[in-house]
Amino acid sequence: MQVLYLLIETIVKCVVVFACLMLSVAYLTWLERKVLGHIQIRFGPNRCGPFGLLQPFSDGIKAFFKEDLIPGNSDKAVFVLSPMIAIIAAISMFAVIPFGDQFTIPGTDYVVKLRIADIDIGLLYVFGIASIGEFGIVLGGWSSGNKYGLTGSLRAAAQMISYEVALGLSIVGVIILSQSLRLTEIVALQAGGFWHWNILYQPAAFVFFIICGLAEINRTPFDMPESESELACGFNIEYSSMKFALFFMAEYAHMITVAAVAVTLFLGGWQAPLPQLAFIPGVFWFAAKVFVLIFFFIWQRGTFPRLRYDQIMKFGWKVLFELTLINILITALIVVLKG
């Protein structure tokens, strides 16, 4: 009976997380267009429903009924599978991210933990699945049979290799302090107030993580795989209808995931900033912190211009790589001297 309850609980949590993630992805498109509209002194979506709130559903219906084209000189199997790889990887990363503590079902003694899975190597799982998601972009551009798509996929591969190294190194300091790869333990060690959050002990690592995260999800100023002005959308140039929509959704799902991982590692996860505010559900604090980071991601897109490709590569290998190594060295020295 306990196994059956666990199975039902897991299925329900998967459905709820998937539904919330997809709804968030839909309205992130609306939020981004609204924020960028205000930054650029224009309205943004304002026709479809009050304040344009029905625009995401209108865009989804339009994408669903558009003609689905597959280039004649493409690798059809890989071309079709690539957007699926991207979106599945983006969703799968949320399996180990804790978005709250736990609660007891009223009238019973059954405890529900607010995470789908809690594994010892949760952090490795997130980075492993994130790497798989990048293959969707690389294979999509390569399989299209288009020179612009191929150029975009090559840029994506080079950028992925360059910034994944610094991204992995940026979290080593947190691992040294936490002595664990389990995300729930990392969050638990940040309980008791914002002065226990890792961002205060690893401020440079937090900045490095955000920069590398933007590069991993191809957001401005690191959107070289798309480069609308040079490559006419790059890796997804030959995609249309729902295949293009899947790549689009995967980008926003990855943005949510990067923000969620940053909140978990550096901003206390679901923990309240003050012990006096602990009566507010942890899910609220988690969602609020993720929203603040996503707003920053959107804001910086409307602020910074795209970097040149050579500048991105030099910055990744000659600046971030060295700085993350220095951060690890300093953190390790402090821990050893304190011990």
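Quick look at the values:
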| item | result |
| --- | --- |
| Which listed residue is hydroxyl-bearing (S, T, Y), closer than 28 Å to L333 by Cα and modelled with pLDDT of 90 or more, from S180, S170, S162 | S170 |
| Residue satisfying all of: in region 84-111; part of a loop (DSSP other than H, G, I, E, B) and among the aliphatic types (A, V, I, L, M); farthest from V25 (Cα to Cα) among these | I105 |
| Looking only at region 71-102, and only at residues there that are in contact with a helix residue (DSSP H, G or I) (Cβ under 7 Å, 6 or more places away or on another chain) and without any contact (Cβ under 8 Å) to a residue 60 or more places away in the chain, the one that is nearest to E134 (Cα to Cα) | I85 |
| Some residue of region 115-131 being farther than 19 Å from L21 by Cβ and at pLDDT below 85 | yes |
| Test for G52: is it more than 23 Å from the chain's Cα centre (by Cα), over 30 Å from S178 (Cβ atoms) and either hydrophobic (A, V, I, L, M, F, W, C) or open to solvent by 60 Å² or more (accessible area, probe 1.4 Å) (or both) | no |
| Among (1) assigned to a helix (DSSP H, G or I); (2) open to solvent by less than 70 Å² (accessible area, probe 1.4 Å); (3) at pLDDT below 90, the one test that I61 misses | (2) |
| Test: residue in region 35-56 that is in contact (Cβ under 8 Å) with a residue 60 or more places away in the chain and closer than 30 Å to G128 by Cβ | no |
| Hits in region 112-128 (condition: open to solvent by less than 60 Å² (accessible area, probe 1.4 Å) and assigned to a strand (DSSP E or B)) | V112 |
| Conditions (1) assigned to a helix (DSSP H, G or I); (2) touching a Pro at 6+ places or on another chain (Cβ under 7 Å); number of the one not met by G192 | (1) |
| V336 open to solvent by less than 20 Å² (accessible area, probe 1.4 Å), of a type in the set (V, I, T) and either over 23 Å from R219 (Cα atoms) or in a helix (DSSP H, G or I) (or both) | no |
| Counted residues, region 188-228 - those being among the hydroxyl-bearing types (S, T, Y) and open to solvent by 10 Å² or more (accessible area, probe 1.4 Å) | 2 |
| Residue within region 302-325 that is in contact (Cβ under 8 Å) with a residue 40 or more places away in the chain, surrounded by fewer than 20 Cβ atoms within 10 Å (Cβ to Cβ), closer than 21 Å to A166 by Cβ and among the basic types (K, R) present | yes |
| Test: residue in region 38-49 that is of a type in the set (K, R) and either within 20 Å of the chain's Cα centre (by Cα) or assigned to a helix (DSSP H, G or I) (or both) | no |
| Of residues in region 81-108 being at pLDDT below 85 and under 23 Å from the mean Cα position of the chain (by Cα), the one most open to solvent (accessible area, probe 1.4 Å) | D101 |
| Q55 being of a type outside the set (S, T, Y), within 26 Å of V292 (Cα to Cα) and out of contact with any helix residue (DSSP H, G or I) (no Cβ under 9 Å at 6 or more places or on another chain) | no |
| Residue list for region 129-183, restricted to those being aliphatic (A, V, I, L, M), closer than 19 Å to D223 by Cα and surrounded by 20 or more Cβ atoms within 10 Å (Cβ to Cβ) | A130, I137, V138, L139, A156, M160, A166, L167 |
| Qualifying positions in region 262-283 - within 17 Å of K113 (Cβ to Cβ) and either in contact with a Cys (Cβ under 7 Å, 6 or more places away or on another chain) or part of a helix (DSSP H, G or I) (or both) | T264, G282, V283 |
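The values are calculated or read from the model by the stated rules, or taken from the named source; none is laboratory data. Everything numeric in this text was worked out from a predicted model, so none of it was measured. In this analysis, Cβ positions are derived from the backbone assuming ideal geometry, glycine residues included, and neighbour counts consider all displayed protein chains. Calculation scope for accessible area: heavy atoms of the full protein, side chains included, ligands and nucleic acids excluded. Shrake-Rupley method; radii C 1.70, N 1.55, O 1.52, S 1.80 Å.
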